[in-house]
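The values are calculated or read from the model by the stated rules, or taken from the named source; none is laboratory data. The structure displayed is predicted, hence computed values, not measured ones. Because the Cβ atoms are built from the backbone with ideal geometry, glycine has one as well, and the counts that use them run over all protein chains shown.
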């Protein structure tokens with residue numbers, strides 16, 4: 001992990017989110033309140049606007065700055081959740097490509113989302129992608145898995161997670177007011193997380 | 001989409017600038033970060049801070065002033081404000097008697113206000129409003145939503161804070177007014193978020209959404225439109241059932257405060273027609289209306305529709321409801 005890799009990811013993630021506008025929007029209009037894409041895009045653009053400042057920072061400082069930028073630009077439910085993730089992650093990562101530390105930081109980040117949102121696996125939220133990805137990451141790192149296989153496994157886990165939200169009954173977020181009406185629809189927050197994770201996986205494949 | 005708009009990104013700031021100019025005798029607008037306060041801050045009283053996504057005007061900016069709120073933090077349309085807005089506003093006000101946050105129960109609002117409260121050094125408490133009877137309290141919900149009853153909470157607690165009561169007393173009264181309030185809304189049309197450019201939901205020419213939320217979130221059921229008296233009958237029944245579940249007696253001699261609230265796309269004539277229907281039905285049930293308010297107080301952008309809120313009054317709530325208030329959108333007794 002290096003700041004320049006993070007910066008490349010920021011550009012790619014922003015592009016992928018913008019390209020997925022109609023998909024994310026249509027999901028949110030069915031079971032949310034229609035603001036998810038706008039908020040996520042605002043966050044991505046805000047992070048992109050500070051990418052030049054990240055060059056001189058350590059990984060930990062860069063993730064902290066990303067977290068603070070998201071906190072003060074996104075709002076809604078996504079803002080505090082994504083911000084909590086990056087702030088928790090920033091407390092664990094180091095500068096020497098230590099995958100153990102990164103995977104620990106990732107799971108701390110996911111835990112802080114669970115705490116902030118008072119949610120768990122199966123609530124039809126972003127956590128239905130993030131928790132399986134975090135667990136997969138821990139076990140692959142522990143087993144000393146080869147890089148290419150790891151990337152592929154993580155990507156597949158994220159995609160399976162997002163599809164699994166389709167049949168779940170929402171317990172959190174504005175779609176909770178819909179309960180059964182939301183069954184059969186993918187959760188937009190889970191979809192956004194999968195897009196971000198898949199984009200990073202693609203970037204890692206190239207690198 | 002057809003709206004009065006310059007650039008979509010500037011929609012809220014352009015509107016807030018107009019608000020600040022039109023009411024420059026009452027409010028102060030800060031732009032970076034965005035927050036609005038009363039013109040004259042009294043640092044010795046409990047600071048009442050509210051906020052939430054924009055699009056519900058006059059909630060909350062229209063209720064800044066003597067006898068009501070001190071600070072409002074507007075977010076983007078239907079998107080909660082960010083913690084730095086609340087933190088900067090509170091630091092600007094330097095309160096000496098603590099901060100009471102009044103927050104509508106939506107996950108985004110709750111989380112952003114929670115982050116702000118963790119990052120300030122001032123004493124603080126939070127009143128979470130959840131007066132919407134539409135969404136059932138079950139393990140599958142985050143609880144009920146906060147809607148038009150929030151206006152009553154802000155008015156009543158605003159009066160108590162003005163009288164010099166302490167933070168705990170304000171928190172206790174806020175919780176009581178919220179508990180005593182119950183609301184239900186019906187939408188006739190969708191609303192359109194400027195940045196989205198399209199209606200949030202689609203609804204047939206002859207359909208209504210019963211139990212709609214103030215962001216156009218679906219409620220209990222989609223049904224065919226019928227006579228207003230019949231729609232109101234369902235609304236009153238939903239509220240009375242909610243009071244029943246809360247073990248509150250609406251036949252209490254103190255009576256109720258009846259708020260008929262428009263979502264902004266429905267004319268006053270229809271709101272008064274609704275008021276008449278509610279009044280006739282309550283009269284048959286021997287429920288006494290002792291205070292009333294009719295108008296657009298908690299809106300949903302351009303949505304057509306209305307909500308009914310009933311608040312069970314006791315002497316304390318009635319006294320603080322009647323107390324003088326001087327804000328851009330609620331003023332009496334001055």
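General observations
- Each residue in region B:25-42 was checked for being part of a loop (DSSP other than H, G, I, E, B) and either in contact with a strand residue (DSSP E or B) (Cβ under 6 Å, 6 or more places away or on another chain) or farther than 14 Å from residue B:94 by Cα (or both), and 7 pass.
- Of all residues in region B:203-219, those satisfying the criterion of being out of contact with any helix residue (DSSP H, G or I) (no Cβ under 8 Å at 6 or more places or on another chain), assigned to a loop (DSSP other than H, G, I, E, B) and surrounded by 17 or more Cβ atoms within 10 Å (Cβ to Cβ) are B:203, B:212, B:214, B:216.
Every residue, every condition in (1) surrounded by 24 or more Cβ atoms within 10 Å (Cβ to Cβ); (2) within 14 Å of chain A (Cβ to nearest Cβ); (3) in a loop (DSSP other than H, G, I, E, B); (4) modelled with pLDDT of 95 or more, yes or no:
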position	(1), (2), (3), (4)
B:45	no, no, yes, yes
B:52	yes, yes, no, yes
B:59	yes, no, yes, yes
B:74	yes, yes, no, yes
B:84	no, yes, no, yes
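To keep it simple, each residue is scored yes or no on (1) touching a helix residue (DSSP H, G or I) at 6+ places or on another chain (Cβ under 8 Å); (2) modelled with pLDDT under 95; (3) under 23 Å from residue A:30 (Cβ atoms).
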position	(1), (2), (3)
A:123	no, yes, yes
A:130	yes, no, yes
A:171	no, yes, yes
A:177	no, yes, yes
A:180	no, yes, yes
A:183	yes, yes, yes
A:193	yes, no, yes
A:203	yes, yes, no
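- Screening A:14, A:69, A:58 for residues that are modelled with pLDDT of 95 or more and away from chain B (no Cβ under 11 Å) leaves exactly one candidate, A:14.
- Members of region B:1-29 found to be under 19 Å from residue B:66 (Cα atoms), in contact (Cβ under 8 Å) with a residue 40 or more places away in the chain and surrounded by fewer than 17 Cβ atoms within 10 Å (Cβ to Cβ), listed by number: B:22
- Of all the numbered requirements in (1) within 11 Å of chain B (Cβ to nearest Cβ); (2) buried (at least 18 other Cβ atoms within 10 Å of the Cβ), residue A:118 misses one, and that requirement is (2).
- Near pairs, Cβ below 6 angstrom, 6+ apart or cross-chain, from region A:168-185 (more than 7 Å from chain B (Cβ to nearest Cβ)) to any residue that is modelled with pLDDT under 75: A:170/A:176; A:175/A:31; A:175/A:32; A:182/A:31; A:182/A:175; A:185/A:31
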